[in-house]
Amino acid sequence: MTGRTLYDKVWDSHAVKTYEDGSTLLYVDRHLVQEVSSPQAFDGLKAMGRALRRPDAHVAVADHAVPTRMRDKPLPDGLAARQVSRLVDNARAFGVPYIPMNDRRHGIVHVIGPELGFTLPGATLVCGDSHTCTHGAFGAIAFGIGASECETVFATQTIRQTKQKRMRVRLLGAPGPGVTVKDIILALIAKVGTGGGFGHAIEYAGPAIAALSMEARMTLCNMSIEAGSRVGMVAPDETTFAYLQGRPLAPAGALWDRAVAEWRTLASDADAVFDREVELDVSAIAPHVSWGTTPEETLPVTGAVPDPAAEPDPARRARLQKSLDYMGLTPGMPLKEIAIDRVFIGSCTNGRIEDLRRAAGVLSGRRIAPSVQGIVVPGSAGVRSQAEAEGLDRIFRDAGFEWRASGCSMCVAMNDDRLAEGERCASTSNRNFEGRQGKGGRTHLMSPEMAAAAAVAGRLSDVRDLGR
Amino acid sequence: MEKFATLTSIAAPLPETHLDTDVIFPARFLLLPDKKGLGEQLFNERRSNRDGDGPRFVLDTPPWNQARILVTGRAFGTGSSREQAVWSLADFGIRCVIAPSFGEIFFSNCFKNGVLPIVLDEAAHGAVMAAADAAQPLTIDLEAQAIRFQDGRTLPFAIDPHRKRTLLEGLDEIGLILADDLADISGFEARQRQERPWLHLTREQLGYLDDVGEELR
Ligand code: SF4
């Protein structure tokens with residue numbers, strides 16, 4: 001028998017049964033529930049008179065639609081207030097623990113899952129949200145599902161799935177100064193394309209991984225979906241265990257030792273075979289920024305806006321032109337000359353404490369350009385209070401940023417935090433799709449330190465030029 | 001769920017690639033409470049001119065405003081998992097989407113809502129796009145896994161057998177699992193509690209969330 005991959009091992013340990021067509025009924029250990037993808041699922045259960053199979057396997061929180069200001073007051077009446085209310089009522093009716101927006105445990109689902117220790121190595125975890133792949137950083141099989149599939153998980157604690165092919169991304173070398181895992185994942189997406197991981201579960205491996213913190217691994221796995229893959233994983237190691245030990249929902253005592261003993265066996269076997277292998281030398285990567293309207297339309301910040309005229313393939317040329325028109329950019333323009341109006345630091349990609357520390361490191365003693373409006377939205381209440389304990393909020397405020405409460409905010413623009421038509425934003429989020437940050441808004445994706453550097457300069461800039 | 005057998009309709013040509021779910025169904029409308037009526041918001045930002053003079057989005061342009069099939073470019077439905085992307089297509093009347101590739105979550109959401117996504121290679125896709133441009137009706141025969149053109153040509157397409165059955169019979173997936181697999185699920189849970197007890201939260205652990213307050217409202 002050939003060796004098994006990390007993905008194979010977690011999959012095999014959750015296969016309830018295999019159907020004659022080769023698909024598997026996969027057991028789901030954990031389900032994170034938010035306000036946007038759950039109401040229709042709860043409605044479906046009610047219509048059929050179905051209960052939750054295991055209410056204890058779910059945690060609910062409202063993160064997408066909540067405001068990031070004036071959180072000590074109820075939401076103003078409107079669609080968002082009603083959506084949050086519906087989640088509260090459903091959680092109560094079905095016996096699911098619900099974390100209110102003012103609670104010290106509040107935050108974006110993909111930030112609080114790990115913080116709570118709800119996310120565990122070797123587990124299966126789902127959420128009606130595509131960035132659920134974030135939790136793969138712990139060596140879990142974690143993937144986003146639609147609302148109908150949420151209903152299936154509520155009622156059966158399982159989901160019928162066909163196993164993905166296996167893809168290994170080996171990261172070689174060490175990143176240079178000013179280069180973060182965000183630049184690495186953007187460079188990877190630019191290399192393999194937004195469909196590069198389609199049909200595959202990605203495992204990130206190689207020497208560069210061992211050196212990454214859990215937060216960096218989460219940033220990496222988070223954007224797997226932007227490379228077309230629902231699943232992105234890292235094998236658990238000492239870094240993983242150190243992060244989890246003592247978390248409220250992580251196992252404790254003798255159970256912890258038993259769990260760790262098994263988690264140590266999860267790494268892919270040396271003779272395991274992957275369907276696809278990709279290598280990336282991270283020492284050669286410069287800080288990246290996106291210039292277009294898909295995450296693959298990304299370049300080193302030292303580059304220039306591409307010229308559609310130089311693209312021989314007509315379909316690609318049309319696509320390029322469309323992106324440039326939407327983004328309001330001229331071919332050949334150096335990326336560092338692109339002026340910005342707004343800066344957003346936050347999201348489940350880059351809204352954790354290490355992200356805020358690095359952005360604050362760039363901003364300390366500096367002011368953002370007068371033409372720029374910036375907000376910092378911590379990924380969770382825990383991140384926010386930690387940042388305040390470290391005085392980071394002061395640095396952001398002194399630099400001219402607004403310091404907000406936790407939530408998805410301007411990553412998805414479902415609350416009041418959004419770009420106006422034509423506004424251009426340096427953003428630490430994960431999607432530069434048309435209208436993602438507000439109708440007609442223009443998004444440039446980058447790392448927290450690059451967003452901070454852009455805020456100071458008032459245009460896209462190379463954090464390495466700032467010196468320090 | 002509405003059954004899918006055969007569908008005959010003209011197809012709307014939308015050759016653009018990378019139409020992600022944010023373009024199909026912009027996020028701000030995710031606050032709307034129901035599945036019904038979402039066709040109004042389908043491709044909202046592309047449809048600023050729905051009935052006036054001047055250029056209109058293909059789904060607002062006769063005869064394609066009646067199309068029940070959409071032919072589009074690669075990487076359709078990538079991005080967010082929002083099922084509203086499928087609900088809005090279905091509400092608009094689209095029951096079949098043909099593209100060279102799809103976002104995975106969108107693809108699987110289609111089958112939960114009686115919408116058939118078909119992946120075609122470039123040559124076949126080109127032929128279907130040409131028929132769409134010419135507003136020639138196509139027949140999608142799911143049982144035979146074939147797309148029939150008006151002139152008698154036929155193109156085969158592939159589909160996972162379980163998903164095919166789900167669409168043909170309009171099956172309730174949850175009902176199926178509850179009817180056939182409950183004993184297996186219970187057996188699995190009992191084994192898991194023995195072998196990997198840490199995957200089940202203890203009463204004490206769950207107690208950590210006991211003191212959460214009420215939502216302000
Ligand atoms: S922060 Fe953005 S990407 Fe993450 S869950 Fe919220 S909306 Fe989705």
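The values are calculated or read from the model by the stated rules, or taken from the named source; none is laboratory data. Only a predicted model underlies this, so the values are computations on that prediction, with no experimental measurement involved. Using ideal geometry, Cβ is built from the backbone for each residue, glycine included, and neighbour counts are taken over all protein chains shown. Protein only, heavy atoms only, side chains kept; ligands, DNA and RNA dropped before computing areas. Shrake-Rupley method; radii C 1.70, N 1.55, O 1.52, S 1.80 Å.
Could you say which residue among B:Asp172, B:Asp184 is in contact (Cβ under 8 Å) with a residue 60 or more places away in the chain, among the charged types (D, E, K, R), facing another protein chain (nearest Cβ under 9 Å) and out of contact with any Cys (no Cβ under 9 Å at 6 or more places or on another chain)?
Details: B:Asp184 fails: in contact (Cβ under 8 Å) with a residue 60 or more places away in the chain.
The conditions single out B:Asp172.
Would you check if there is a residue in the stretch A:156-169 being of a type in the set (A, V, I, L, M), touching a residue at least 12 places away in the same chain (Cβ under 8 Å), within 25 Å of A:Arg352 (Cβ to Cβ) and at the interface with another protein chain (Cβ under 9 Å from one of its Cβ atoms)?
First, pick out the residues of the stretch A:156-169 that are of a type in the set (A, V, I, L, M): A:159, A:167, A:169.
Applying the additional criterion that residues be touching a residue at least 12 places away in the same chain (Cβ under 8 Å) yields A:159, A:167, A:169.
Subset that is within 25 Å of A:Arg352 (Cβ to Cβ): A:169.
Going one step further and asking which of them are at the interface with another protein chain (Cβ under 9 Å from one of its Cβ atoms), we end up with none.
No.
Looking only at the stretch A:232-265, which residues are more than 10 Å from chain B (Cβ to nearest Cβ), part of a helix (DSSP H, G or I), closer than 25 Å to A:Arg170 by Cα and open to solvent by less than 70 Å² (accessible area, probe 1.4 Å)?
A:Thr239, A:Thr240, A:Phe241, A:Tyr243, A:Leu244
Got a sec? Which of A:Met218, A:Met214, A:Met223 is open to solvent by less than 20 Å² (accessible area, probe 1.4 Å), in contact with a Pro (Cβ under 9 Å, 6 or more places away or on another chain) and closer than 25 Å to B:Gln84 by Cα?
Working: A:Met218 fails: closer than 25 Å to B:Gln84 by Cα; A:Met214 fails: closer than 25 Å to B:Gln84 by Cα.
Exactly one residue qualifies, and that residue is A:Met223.
Can you name the residue in the stretch B:83-94 that is assigned to a loop (DSSP other than H, G, I, E, B) and more than 7 Å from chain A (Cβ to nearest Cβ) and is also surrounded by the most Cβ atoms within 10 Å (Cβ to Cβ) among such residues? Can you show your working first?
Looking only at the stretch B:83-94, we keep the residues that are assigned to a loop (DSSP other than H, G, I, E, B), and these are B:83, B:93-94.
Still in the running and more than 7 Å from chain A (Cβ to nearest Cβ): B:93-94.
Working: B:Gly93: 15, B:Ile94: 21.
Ranking the qualifying residues of the stretch B:83-94, first place goes to B:Ile94.
Search the stretch B:95-105 for residues being more than 19 Å from A:Val33 (Cα to Cα) and within 12 Å of another protein chain (Cβ to nearest Cβ), and hand back the single one that is farthest from the ligand (Cβ to nearest atom). I'd like the intermediate steps shown before the answer.
At the first step, the residues of the stretch B:95-105 found to be more than 19 Å from A:Val33 (Cα to Cα) are B:95-104.
Still in the running and within 12 Å of another protein chain (Cβ to nearest Cβ): B:99-104.
Working: B:Ala99: 24, B:Pro100: 26, B:Ser101: 22, B:Phe102: 20, B:Gly103: 14, B:Glu104: 16 Å.
Ranking the qualifying residues of the stretch B:95-105, first place goes to B:Pro100.
Would you check which residues across the stretch A:15-36 are crowded, with 18+ Cβ neighbours inside 10 Å and more than 7 Å from chain B (Cβ to nearest Cβ) and list them?
Within the stretch A:15-36, A:Thr24, A:Leu26, A:Val28, A:Arg30, A:His31, A:Leu32, A:Val33, A:Gln34, A:Glu35 meet the criteria.
If we scan the stretch A:101-112, do we find a residue that is within 11 Å of the ligand (Cβ to nearest atom) and part of a loop (DSSP other than H, G, I, E, B)?
Looking for residues that are within 11 Å of the ligand (Cβ to nearest atom) and part of a loop (DSSP other than H, G, I, E, B), one finds at least one in the stretch A:101-112, hence yes.
Under 9 Å between Cβ atoms, at least 6 apart or on separate chains: pull out the pairs that start in the stretch A:419-448 with a residue that is closer than 20 Å to A:Lys322 by Cα and among the β-branched types (Val, Ile, Thr) and end on any residue that is open to solvent by less than 10 Å² (accessible area, probe 1.4 Å) and not in a loop (DSSP other than H, G, I, E, B).
A:Thr443/A:Ser290; A:Thr443/A:Met327; A:Thr443/A:Phe344; A:Thr443/A:Cys425; A:Thr443/A:Ala426; A:Thr443/A:Ser427
Which strands (runs of 3 or more DSSP E) sit wholly inside the stretch A:123-192 and have at least 3 residues that are assigned by TED's automatic domain parsing to the domain that holds A:Phe42 and within 16 Å of the ligand (Cβ to nearest atom)? Step through it out loud before you land on a result.
Working: elements: A:124-127, A:141-144, A:158-161, A:165-172.
Of the strands (runs of 3 or more DSSP E) lying wholly inside the stretch A:123-192, those with at least 3 residues that are assigned by TED's automatic domain parsing to the domain that holds A:Phe42 and within 16 Å of the ligand (Cβ to nearest atom) span A:124-127, A:141-144.
Of the numbered conditions (1) surrounded by 11 or more Cβ atoms within 10 Å (Cβ to Cβ); (2) farther than 30 Å from A:Leu255 by Cβ; (3) not aliphatic (A, V, I, L, M), B:Tyr208 fails exactly one; give the number of that condition.
Tallying (1) surrounded by 11 or more Cβ atoms within 10 Å (Cβ to Cβ); (2) farther than 30 Å from A:Leu255 by Cβ; (3) not aliphatic (A, V, I, L, M), B:Tyr208 fails exactly one: (2).
Looking only at the stretch A:15-48, how many residues end up being closer than 21 Å to A:Cys221 by Cα and either assigned to a loop (DSSP other than H, G, I, E, B) or out of contact with any Ser or Thr (no Cβ under 8 Å at 6 or more places or on another chain) (or both)?
Counting residues in the stretch A:15-48 that are closer than 21 Å to A:Cys221 by Cα and either assigned to a loop (DSSP other than H, G, I, E, B) or out of contact with any Ser or Thr (no Cβ under 8 Å at 6 or more places or on another chain) (or both) gives 5.
Are there any pairs, at least 6 apart or on different chains, whose C-beta atoms fall under 8 Å, with the first in the stretch A:310-336 and among the basic types (Lys, Arg) and the second part of a helix (DSSP H, G or I), and if so, which?
Partner pairs satisfying both residue conditions: A:Arg317/A:Pro308; A:Arg317/A:Ala309.
Picking from A:Pro76, A:Pro97, which residue would you name as being surrounded by fewer than 23 Cβ atoms within 10 Å (Cβ to Cβ) and either on the phi > 0 side of the Ramachandran plot or more than 9 Å from every other protein chain (Cβ to nearest Cβ) (or both)?
Numbers: A:Pro97 fails: either on the phi > 0 side of the Ramachandran plot or more than 9 Å from every other protein chain (Cβ to nearest Cβ) (or both).
Among A:Pro76, A:Pro97, only A:Pro76 is surrounded by fewer than 23 Cβ atoms within 10 Å (Cβ to Cβ) and either on the phi > 0 side of the Ramachandran plot or more than 9 Å from every other protein chain (Cβ to nearest Cβ) (or both).
Considering only residues that are within 18 Å of B:Ile105 (Cβ to Cβ) and within 14 Å of the chain's Cα centre (by Cα), which ones fall in the stretch A:105-125? Talk me through it step by step, then tell me what you get.
Step one: list which residues in the stretch A:105-125 are within 18 Å of B:Ile105 (Cβ to Cβ), which gives A:109-110, A:124-125.
Passing the criteria: A:Val109, A:His110.
Residues in the stretch A:194-211: is at least one in contact with a His (Cβ under 7 Å, 6 or more places away or on another chain), of a type in the set (A, V, I, L, M, F, W, C) and open to solvent by less than 30 Å² (accessible area, probe 1.4 Å)?
no
Restricting to strands (runs of 3 or more DSSP E) lying wholly in the stretch A:334-439: which have 2 or more residues that are of a type outside the set (Gly, Ala, Ser) and within 16 Å of the ligand (Cβ to nearest atom)?
Details: elements: A:342-346, A:373-377, A:401-403, A:424-427.
Output list reads A:342-346, A:373-377.
Restricting attention to the stretch A:311-333, which residues are in a helix (DSSP H, G or I) and either surrounded by 13 or more Cβ atoms within 10 Å (Cβ to Cβ) or within 16 Å of the ligand (Cβ to nearest atom) (or both)?
The first filter runs over the stretch A:311-333 and keeps only residues in a helix (DSSP H, G or I), leaving A:314-327.
Once the filter is applied, which keeps residues that are in a helix (DSSP H, G or I) and either surrounded by 13 or more Cβ atoms within 10 Å (Cβ to Cβ) or within 16 Å of the ligand (Cβ to nearest atom) (or both), the stretch A:311-333 yields A:Ala315, A:Arg317, A:Ala318, A:Arg319, A:Leu320, A:Gln321, A:Lys322, A:Ser323, A:Leu324, A:Tyr326, A:Met327.
Report yes if some residue within the stretch A:440-454 is over 23 Å from A:Val305 (Cβ atoms), within 16 Å of the ligand (Cβ to nearest atom) and within 20 Å of the chain's Cα centre (by Cα); otherwise report no. Outline the logic, then answer.
Applying the first criterion (over 23 Å from A:Val305 (Cβ atoms)) to the stretch A:440-454 yields A:448.
With within 16 Å of the ligand (Cβ to nearest atom) added as a condition, the list becomes A:448.
Imposing the further condition that a residue be within 20 Å of the chain's Cα centre (by Cα) reduces the set to A:448.
Within the stretch A:440-454 (the criterion being over 23 Å from A:Val305 (Cβ atoms), within 16 Å of the ligand (Cβ to nearest atom) and within 20 Å of the chain's Cα centre (by Cα)), the answer is yes, since at least one residue qualifies.
Whether any residue in the stretch A:288-305 is surrounded by fewer than 21 Cβ atoms within 10 Å (Cβ to Cβ) and either free of Cβ contacts under 8 Å to residues at least 12 places away in the same chain or more than 25 Å from A:Pro175 (Cα to Cα) (or both) is what I want to check.
No, because not a single residue in the stretch A:288-305 is surrounded by fewer than 21 Cβ atoms within 10 Å (Cβ to Cβ) and either free of Cβ contacts under 8 Å to residues at least 12 places away in the same chain or more than 25 Å from A:Pro175 (Cα to Cα) (or both).
Is it the case that some residue within the stretch A:68-76 is more than 14 Å from the ligand (Cβ to nearest atom) and closer than 18 Å to B:Phe29 by Cα?
Here is the first cut: in the stretch A:68-76, the residues more than 14 Å from the ligand (Cβ to nearest atom) are A:69-76.
Within this subset, residues satisfying the condition of being closer than 18 Å to B:Phe29 by Cα are A:75-76.
Yes, the stretch A:68-76 contains at least one residue that is more than 14 Å from the ligand (Cβ to nearest atom) and closer than 18 Å to B:Phe29 by Cα.
Quick check on this structure: which one of A:Val289, A:Val260 is hydrophobic (A, V, I, L, M, F, W, C), modelled with pLDDT of 95 or more and under 15 Å from A:Ala187 (Cβ atoms)? Give the steps one after another, and end with the answer.
On the way: A:Val260 fails: under 15 Å from A:Ala187 (Cβ atoms).
Residue meeting the stated conditions: A:Val289.
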